[in-house]
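Presented below is the structure to which this report refers.
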Amino acid sequence: MPVVNIVAADALARLAEFDTVIDARSEDEYAEDRLPGAINWPSLTNEERRIVGTEYKQVSPFVAQKRGAALVARNIARHIERDVLDKPKDWKPLVYCWRGGKRSGSLALVLGQIGFRVHLLEGGYKEYRRAVIAALEEQPQGFQYRVVCGPTGSGKSRLLQTLASQGAQVLDLEQLANHRGSVLGLVPGSPQPGQKQFESRLWDRLRRFDPARPVFIESESKKVGDLRVPERLVECMRAAPCIRLELPHEARVRLLMQDYDFFVTDTEAFCERLNALRVLRGNEVVKGWQEAARAGRTEDVVRELLLRHYDPIYLQSIERNFAGHAAPLMTLDWDGSAASLEAAAAKAAANG
């Protein structure tokens with residue numbers, strides 16, 4: 001059966017039609033970013049790409065192509081034996097590599113010769129990436145946002161999670177970026193995705209939303225950790241109406257002690273992260289916080305961090321960037337309990 005070439009815009013609009021999306025690039029290319037839901041069937045592994053590339057430069061392109069052909073054929077055979085023998089005749093995969101060339105073309109050709117209806121992404125990942133960048137210029141403008149505002153520790157992420165569990169449309173940028181949005185926000189041992197993968201995740205989430213329903217989002221800055229939020233989305237967020245979330249100060253301290261329990265149990269990691277605040281708060285202040293944490297008074301440090309660092313910065317930022325904060329759609333007061341949070345989320349969903 002002949003292979004069907006498909007342009008990126010059509011492929012992205014029809015992703016749900018394909019039974020499997022196959023990324024024929026190497027493991028490292030796949031890890032950096034890929035189409036949503038894609039699985040990795042390398043036509044050349046990382047090491048094999050290095051070998052072929054070295055021969056291409058140091059020997060000749062012809063010798064490298066022979067070596068590459070042998071490796072690709074061997075790998076395709078393994079993929080078929082492992083993953084294709086049980087596929088029905090109407091199985092319909094989408095295949096791509098970096099530019100839609102030899103690696104994906106070879107795999108698509110063999111699968112097509114077997115009798116499967118194979119679609120090959122024209123231009124490969126490179127064209128997919130262009131399509132995502134273009135889409136992120138347009139997508140954000142198609143929705144009505146409700147921006148959840150509130151100082152650090154007020155439970156904004158928890159409210160978003162509860163709203164999602166109640167069926168509301170939620171765009172949780174911190175979840176997509178794998179970061180909690182502050183200088184202490186990187187979870188130890190859990191790195192952020194790269195910028196490209198973050199944007200792919202964002203595009204994938206936005207494409208699933210219903211424009212007729214509001215989208216709840218947190219009042220994030222232009223960056224979440226090391227990752228940049230697309231400018232068009234930032235503009236839409238800052239122009240949107242706000243929902244103010246309020247939690248008593250001591251309840252905020254308790255919530256942060258729960259949410260950042262890894263710092264409670266690993267004092268040295270907490271102290272190391274506090275070093276990032278030396279420029280803003282001074283060596284002596286940070287040294288005092290570190291000494292208090294090592295003395296077992298982490299809760300006192302969290303309390304001071306809120307009063308002396310996070311609250312002043314938050315107030316300046318929210319007043320400067322979110323005009324809707326001064327006259328919010330509503331103010332949600334909760335007391336830190338699950339029942340209170342459920343009620344706050346239900347109120348936001350009903351009146352948002």
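Laboratory data are not the source of any read-out in this text; all were calculated from the coordinates shown. Predicted model, so just to flag it, every value in this text is computed and none were measured. When we count neighbours, we look across all protein chains shown, and the Cβ atoms used for this are built from the backbone with ideal geometry, even at glycine.
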The long-range amide H neighbours of LYS92, using H built 1.01 Å from N in the peptide plane and a cut-off of under 5 Å, are ASP19, THR20
In the list (i) 125; (ii) 257; (iii) 175, the entry giving volume of the Cα convex hull per residue in Å³ computed from the coordinates is (iii)
Given all pairs of distinct Cα atoms, the range 4-134 yields a Kirkwood Rh in Å of 15.0 Å
Counting every C-alpha pair in the range 143-351, the percent lying more than 22 Å apart is 51 percent
Taking Lys and Arg as +1 and Asp and Glu as -1, residues besides ALA350 with C-beta under 14 Å from its C-beta add up to +2
Sequence order, the range 262-279: Karplus ³J(HN,Hα) from phi using 6.51 cos²θ - 1.76 cosθ + 1.60, θ = phi - 60°, Hz rounded, Gly and Pro as x, gives 5, 7, 5, 8, 10, 4, 5, 5, 4, 5, 4, 5, 5, 4, 5, 8, 4, 5
The rounded separation in angstrom of the Cα centers of the range 88-161 and the range 201-221 is 16 Å
For the range 214-229, Karplus-derived ³J(HN,Hα) couplings (6.51, -1.76, 1.60; θ = phi - 60°; whole Hz; x for glycine and proline) come out as x, 10, 8, 8, 7, 6, 7, 7, 6, 10, 10, x, 8, 9, 8, 7
Per the C-alpha gyration tensor (a ≥ b ≥ c, the square roots of its eigenvalues), the range 148-259 is rounded if a/c is under 1.5, else prolate if a/b beats b/c, else oblate; here it's oblate
The lysines whose Cα lies under 19 Å from the Cα of LYS196, excluding any fewer than 8 residues away in the same chain, are LYS126, LYS222, LYS223
HN-Hα couplings for the range 17-33 via Karplus (6.51, -1.76, 1.60; θ = phi - 60°), in whole Hz with x for Gly/Pro, come out as 6, 8, 6, 8, 9, 10, 9, 8, 7, 6, 4, 5, 4, 5, 5, 5, 5
